[in-house]
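S.K.: Dropping the structure in here first, questions after.
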Amino acid sequence: MRLKDTLKELRIKNGYTQAELSSLLGVRQYNISDYEIGRIEPSIDILIKYANLFHVSIDYIVGRKTKEEKSRDYAALEDDDPYLEAVKEAMKKMTSEQKKKLIDTVHFIKKTYL
């Protein structure tokens, strides 16, 4: 995910408007808009404020997750994703070759779109 997308996702996921977030971070609202459309990138000081406010690492914000964070993301997926159980059930009925093709497809999608 790109920086601009992560910043917007964090704001929306936590229920803030651009105006509310600008007040919390101490920047003008148009700066928040500019960050989210990728016109400008926030300074390190602003990234630190984002990280502190949303309780994430700067690595996460810039799209560089640690192994620990990836593990937590996967654990959260298991807890929150209503489709995961259906996928697990479908995979139980697949042959090894079908499972391999599915995994290859997932890797292709990740490389291409994420």
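S.K.: What is the magnitude of the charge dipole of the chain about its Cα centre, with +1 placed on the Cβ of each Lys and Arg, -1 on the Cβ of each Asp and Glu, and no other charges, expressed in debye to the nearest 20?
M.R.: 420
S.K.: Over 21 Å between Cα atoms, which of LYS8/LYS49; LYS13/LYS49; LYS4/LYS88; LYS49/LYS110; LYS4/LYS49; LYS88/LYS110 qualify?
M.R.: LYS4/LYS88; LYS49/LYS110
S.K.: Here's something else I'd like to know. Expressed as a rounded percentage, what relative contact order does the chain have, with Cα pairs under 8 Å and six or more residues apart?
M.R.: That works out to 22 percent.
S.K.: Quick one: net charge of LEU7's neighbours, Cβ under 13 Å, K/R +1, D/E -1?
M.R.: +2
S.K.: Report the one residue of LEU84, SER23, TYR35 whose Cα lies farthest in the direction of the positive end of the charge dipole of the chain (charges on C-beta: Lys and Arg +1, Asp and Glu -1; origin at the Cα centre).
M.R.: Comparing the listed Cα positions along the dipole, LEU84 ranks first.
S.K.: If you don't mind, there's one more thing I want to ask. Give me the Debye-computed log₁₀ of I(q)/I(0) at q = 0.17, 0.20 Å⁻¹ for the chain, equal point scatterers on Cα only, no solvent, two decimals.
M.R.: So the normalised log intensities work out to -0.91, -1.11.
S.K.: Same structure, new question: Using the membrane-span-like helix rule (whole DSSP H runs, Cα extent along the own axis of at least 18 Å, mean Kyte-Doolittle hydropathy at least -1.0), which helices of the chain qualify?
M.R.: Long hydrophobic helices here: 96-113.
S.K.: According to the square roots a ≥ b ≥ c of the eigenvalues of the Cα gyration tensor, what is the shape class of the range 3-61, taking rounded for a/c under 1.5, prolate for a/b larger than b/c otherwise, and oblate for the remainder?
M.R.: The shape class here is rounded.
Only the coordinates and a few stated rules stand behind these numbers; no lab work does. Every value quoted in this text rests on a predicted model; they were computed, and no experiment measured them. Here the Cβ is made from the backbone with ideal geometry for all residues, glycine too, and neighbour counts use every protein chain on show.
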